[in-house]
Structure formats: C-alpha cells, structure tokens
Amino acid sequence: LNESTVAYYPPDFFYSLMVKPKYCKRFRVKGDSMEPVICDGDTILVDCSPQEVIDGRVYAFVIRGQLKVKQLYSLIGGGYLVHSFNPTFPDEELKDDDLDTFHLVGRVRERQGRSSL
C-alpha cells in the first residue's frame with residue numbers, strides 16, 4: 001500500500017455499500033501477494049470506520065509497522081489467519097501476542113485497476 005488519494009464517487013455508491021464517505025480512503029497497492037484479485041498498482045477504497053472483522057473479507061491493516069492488504073479469518077483460540085490470494089505466499093497466523101502490534105485500518109470495499117475484486 002502507498003499514499004491515500006482523493007477521488008470522486010457518487011453518493012449512491014456509498015449508499016449501496018452501506019458505508020459513510022467520511023470514513024473511506026483510497027490507497028495504491030504495492031506488491032503481488034493478492035494477485036490475481038488485487039494487483040500491484042491497483043487502487044483500493046478502504047472503509048476505515050470502527051468495525052469487527054468478518055471472516056473471509058479483505059482488510060488493510062498494520063502489523064509490526066508494515067501496512068498490508070490480506071484476507072482475514074478469526075481463529076478459535078484468538079488472533080487471525082492471514083491469507084494471500086497468490087498461492088506463492090503461505091498463510092500466516094497472528095496470535096494474541098502478535099495483536100499488540102496489529103492495527104485494523106479497514107475493510108477493502110472496492111478496487112480499480114487491471115484485476116477484478
């Protein structure tokens with residue numbers, strides 16, 4: 001992920017997603033861990049409102065100072081399973097101890113670029 005950018009969306013767009021525009025930010029993705037769904041250079045719209053993780057959805061988050069975009073699943077014992085769509089990147093587990101350096105930025109709600117979300 002890189003810098004946030006300003007863009008125009010019609011109000012109906014946010015209404016259809018049931019999100020508030022004031023909580024949304026756009027980011028340019030760097031890296032290929034989420035290909036073929038989200039590609040290097042794509043732009044994503046992230047709903048940064050306070051929220052709980054919904055299993056299987058794609059989120060932007062910071063872990064140990066690094067900003068990442070991944071699919072998250074809650075683990076029964078606490079923490080998250082972190083999944084990349086690109087099969088060359090293995091799944092990772094974030095245990096409760098790891099969550100001290102974890103910050104959920106928000107859920108990815110839209111993607112623009114050469115791939116399909």
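A few remarks follow.
- Using a probe of 1.4 angstrom and keeping all protein chains present, the accessible surface of the chain works out to 60 square angstrom per residue.
- Percent accessible area from carbon and sulfur atoms, the chain, protein chains only, probe 1.4 Å: 52
- Distance violations [Cα-Cα > 20 Å] among K25/K68; K22/K70; K22/K95; K22/K68; K25/K95: K22/K70; K22/K95; K22/K68; K25/K95
- Radius, Kirkwood style, for the chain when every pair of distinct Cα atoms is counted (Å): 14.7
- log10 of Debye I(q)/I(0), alpha-carbon scatterers only, for segment 53-117 at 0.15, 0.29, 0.30 Å⁻¹: -0.46, -1.47, -1.51
- If only the Cβ of Lys and Arg carry +1 and only the Cβ of Asp and Glu carry -1, the dipole of the chain around its Cα centre is close to 540 debye.
- Measuring r between the beta carbons of I76 and E52 and using R0 = 22 Å, the FRET efficiency lands at 0.90.
- Per-residue ellipticity at 222 nm, computed for the chain from helices alone with -39500 (n - 2.57) per DSSP H run of at least four residues, works out to -1500 deg cm²/dmol.
The values are calculated or read from the model by the stated rules, or taken from the named source; none is laboratory data. Because the structure is a prediction, the values reported are computed rather than measured. Virtual Cβ from ideal backbone geometry, glycine too; neighbours counted across all protein chains shown. The area values use the complete protein model at the heavy-atom level, side chains included, leaving out ligands, DNA and RNA. Shrake-Rupley method; radii C 1.70, N 1.55, O 1.52, S 1.80 Å.
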